[in-house]
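The values are calculated or read from the model by the stated rules, or taken from the named source; none is laboratory data. Remember, it's a predicted structure, so these values are computed and weren't measured experimentally. Positions of Cβ are backbone-derived with ideal geometry, glycine not excepted, and every protein chain shown enters the neighbour counts.
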Amino acid sequence: MKAPSVVRAVLDFDVAEYVSTTRAVGRHHLDPELRNRMAELYVDLRDALHESDAVFDRRELRVLRFAELALQSEWKLAGPSGGEDGADLLNTVSGPRGKRYQPYANVRLLNQVLGTRRGSSDASIEYRCRQTLRFLVRSWLEYEQRSSDGTETTWGWQRPLTPDAMSERLDRLARLRQDTADWPTLPRPHPVPPARWHDYVGDAGRSDTLEYLVNLPQTQHHDENAFLRVIHLTEVTTSGILARTLGAKTWLEAGRFREAAMCLDRAAALASLQLDVMRVLRRTMSVENFLGFRKETGDASAVQMTSSQALHVHLLGVHPLKVEALEGVPENAFLLFHLNDRFRPLRSLLHDLPEDSDDAAQVLAAARDLDETLYAWRRLHLGLAHRYLPKDSMGSGGTSGAPYLAGFYQDRLFDHAGELTPHPVPVTSPALEDRPVWARAVFSPMN
């Protein structure tokens, strides 16, 4: 049994050195020896955690599972794009590496902070989302302020913003900070990254995880930090919207309309913040700056964003034309199990509301607000694709890019007249049965 030696190697790993090195050169330019060492640690740790005779105490196991999430990102990024087999030693390890979106944005670590893996209630998840959103907005604003003042020293020295763009970004972020000022907060992180994994574990380590492990740009381009912060804020708001949508569905199935309306109102409030976050990107990032770091992001497409795809499914069902795209992303293949007659998305439940109930009318009003805000976000997202992606370029996830988004952005709960759209007949996916066993496993929709 090699578990003890593996555990010691993981616990002795210098996290502070890894973070400092990454910030100095950009994640894409890490020393291959460091990345390969982390990838090997991940493989060894993964195997050690599954040894039948391995024994860990509860605290140690918690730290090791956290380290596994961080090390997995470097393992995925060390391999070929898209998880295809390669010639190096690490690529002889069995199992798919998956797409690059999750490791690029360290989504699994972000979900750890949100607590979405614990079977938490929708209220608990929203509370943590609001804590995290307030922290991220403050962190991003302070980074931009240091950059504007010339005091930022960790990364972001290439392609600085124009004075006008910086001024507008600071103004918009200051308004976002004011909008979240009354939300629950997290403590400030340590002034330097802690050196050991155990300092990042649990509630006490959430701030350091967000500041030092979640946000690790691939390059030294200033605006990649903004790009990642938008991804993180979008992930967090989407997780909160999804949690409250699931809560609303549960209340609707129980005939508790007031509670369902409350859930949808709170989801709409998070969607409004999400829209404002995207406007920061649209208003202040130039095409030149975006293209300056896009290549190094790899095939990290938003089509791989599990929380967004799950939200779409629970709102509207599985769109028949999205089946192929979902099948092509191992992390999202589980969503195809919603292609059955028993699954009812929110759209279907709204059709069953009684017409003469004031409480039901409140549900519909809240659902319209949520639907309208999410529709505005999708329109803006489509505009970003047209603005930033070269004409006829493929999306980084293998889709057609802007045309792919254009095909779905009008799929919504209500039409332009405010009437519920028809619920399509559920379809099945015969191709799902032909997938390998690992791809047919039902993964957590949050992680």
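Quick check on this structure: which one of LEU228, LEU233, LEU176 is modelled with pLDDT under 95 and of a type in the set (A, V, I, L, M)?
So the residue among LEU228, LEU233, LEU176 that is modelled with pLDDT under 95 and of a type in the set (A, V, I, L, M) is LEU228.
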For this session: Output yes when any residue across region 250-266 is among the polar types (S, T, N, Q) and modelled with pLDDT under 95, and no when none is.
Result: no
Seminar exercise, completed: Condition set among the polar types (S, T, N, Q) and over 23 Å from the mean Cα position of the chain (by Cα), scope region 323-348, selection farthest from TYR101 (Cα to Cα): answer is SER348
Exercise. Scanning for something over 25 Å from GLU144 (Cβ atoms), at pLDDT 95 or above and of a type in the set (Asp, Glu), does region 312-329 turn up at least one residue?
Worked result: no
Problem set entry | region 22-68, residues that are at pLDDT 90 or above and of a type in the set (Phe, Trp, Tyr) | TYR42, PHE66
Seminar exercise, completed: Here the residues within region 31-57 that are assigned to a helix (DSSP H, G or I) and aromatic (Phe, Trp, Tyr) are TYR42
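Would you check if GLU296 is in a helix (DSSP H, G or I), over 30 Å from ALA261 (Cα atoms), outside the structural domain of GLY79 (by TED's automatic domain parsing) and out of contact with any Lys or Arg (no Cβ under 9 Å at 6 or more places or on another chain)?
Spelling it out, it is not the case that GLU296 is in a helix (DSSP H, G or I), over 30 Å from ALA261 (Cα atoms), outside the structural domain of GLY79 (by TED's automatic domain parsing) and out of contact with any Lys or Arg (no Cβ under 9 Å at 6 or more places or on another chain).
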For this session: Report yes if TYR404 is at pLDDT below 90, touching a helix residue (DSSP H, G or I) at 6+ places or on another chain (Cβ under 8 Å), assigned by TED's automatic domain parsing to the domain that holds ALA254 and not in a loop (DSSP other than H, G, I, E, B), otherwise no.
Result: yes
Exercise. Do we have any residue at all in region 145-167 that's crowded, with 19+ Cβ neighbours inside 10 Å, assigned to a helix (DSSP H, G or I) and either at positive phi or under 23 Å from the mean Cα position of the chain (by Cα) (or both)?
Worked result: no
Seminar exercise, completed: Among residues of region 112-125 being part of a helix (DSSP H, G or I) and touching a Lys or Arg at 6+ places or on another chain (Cβ under 6 Å), the residue surrounded by the fewest Cβ atoms within 10 Å (Cβ to Cβ) is ASP122
Exercise. Does any residue of region 87-106 turn out to be modelled with pLDDT under 80, in a helix (DSSP H, G or I) and buried (at least 16 other Cβ atoms within 10 Å of the Cβ)?
Worked result: yes
Exercise. Yes or no: ASP199 charged (D, E, K, R), more than 22 Å from the chain's Cα centre (by Cα) and not in a helix (DSSP H, G or I)?
Worked result: no
Exercise. Taking the condition part of a helix (DSSP H, G or I), within 23 Å of LYS249 (Cα to Cα) and modelled with pLDDT of 80 or more, does ASP356 pass?
Worked result: no
Problem set entry | Selected residue (only one of ALA310, ALA385 is more than 15 Å from PHE414 (Cα to Cα), touching a Pro at 6+ places or on another chain (Cβ under 6 Å) and either surrounded by fewer than 18 Cβ atoms within 10 Å (Cβ to Cβ) or small (Gly, Ala, Ser) (or both)) | ALA310
